[in-house]
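Heads up, the thing below is written out as structure tokens.
The values are calculated or read from the model by the stated rules, or taken from the named source; none is laboratory data. Source: prediction; values computed, not measured. A quick note on method: Cβ atoms are made from the backbone with ideal geometry, for glycine too, and the neighbour counts reach across all protein chains shown. Each accessible area value is taken on the protein alone, full model and side chains, heavy atoms only, with ligands, DNA and RNA left out. Shrake-Rupley method; radii C 1.70, N 1.55, O 1.52, S 1.80 Å.
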Amino acid sequence: MPRAEQLGRLEREVGVLIRRIKRVIGERSRSVHPDLQPASYLMLSYLAAEGPQRSSVLSERFGVDKGAISRQVQHLCDLGLVIREPDPDDGRAALVSASPDAVHRLEAVERDRRRWLDERLSEWSEADLRDFVSALARYNATLD
């Protein structure tokens, strides 16, 4: 198959992957909390992984204006998934972090997701999985 056709096929497969990811993020967000929006799920996951952050860092990281981040953070606080505390380095600023309950819920979703993925890929050899992960990492690094 010519390179141009392969690139077209790559774009189609990535499109399928993106649609699947959007659906899965929606499912995961509802698993954490029925009122959790997918965009807020990504922010919550980031906070759980990276620890307390200023809203300005979240704004930069997610490419969202500070007002939208503020609304998302407030919604997450209202759901009991995020804690807002004064920044010990600057009393005028606040740090937001995932609540212990949110971390627990996210971990449960991750365990379920890994179990599901392992079942779906059960026929893939360790080498197939390693090669796919390596190729995907290389693809992402190249396009970054």
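Listed values for the range 115-120 are Karplus-derived 3J(HN,Hα) couplings in whole Hz (6.51 cos²θ - 1.76 cosθ + 1.60, θ = phi - 60°), namely 5, 4, 5, 4, 5, 5, and x replaces Gly and Pro. The gain in end-to-end length when the Ser56 to Asp78 segment is fully stretched comes to 5.9 nm, 0.36 nm per residue minus the alpha carbon separation. Positive contributions from Lys and Arg (+1) and negative ones from Asp and Glu (-1), summed over other residues with Cβ under 11 Å from the Cβ of Glu60, come out at +2. Take every Cα pair under 8 Å whose residues are at least 6 apart in sequence, average their separation, divide by the length of the range 1-117, and the relative contact order is 23 percent. When Rg/Rh (Cα atoms, Kirkwood Rh) is calculated for this entry, the matching label among (i) 1.05; (ii) 0.93; (iii) 1.20 is (i). Couplings 3J(HN,Hα) for the range 69-82, derived from phi with the Karplus relation 6.51 cos²θ - 1.76 cosθ + 1.60 (θ = phi - 60°), are 4, 4, 5, 5, 4, 4, 4, 5, 5, 4, 7, x, 9, 9 Hz, where x marks Gly and Pro. Against the main long axis of the alpha-carbon atoms of the chain, helix 38-50 sits at an angle near 80°. Charge tally for Ala137 (other residues, Cβ to Cβ under 12 Å; Lys, Arg +1; Asp, Glu -1): 0. With all protein chains in place and a 1.4 Å probe, the accessible surface of the chain carries 51 percent carbon and sulfur. Close amide-amide hydrogen proximity is noted between Leu95 and Glu85, Asp87, each under 5 Å apart and 5 or more residues distant or on a separate chain (H modeled in the peptide plane; Pro and chain starts excluded).
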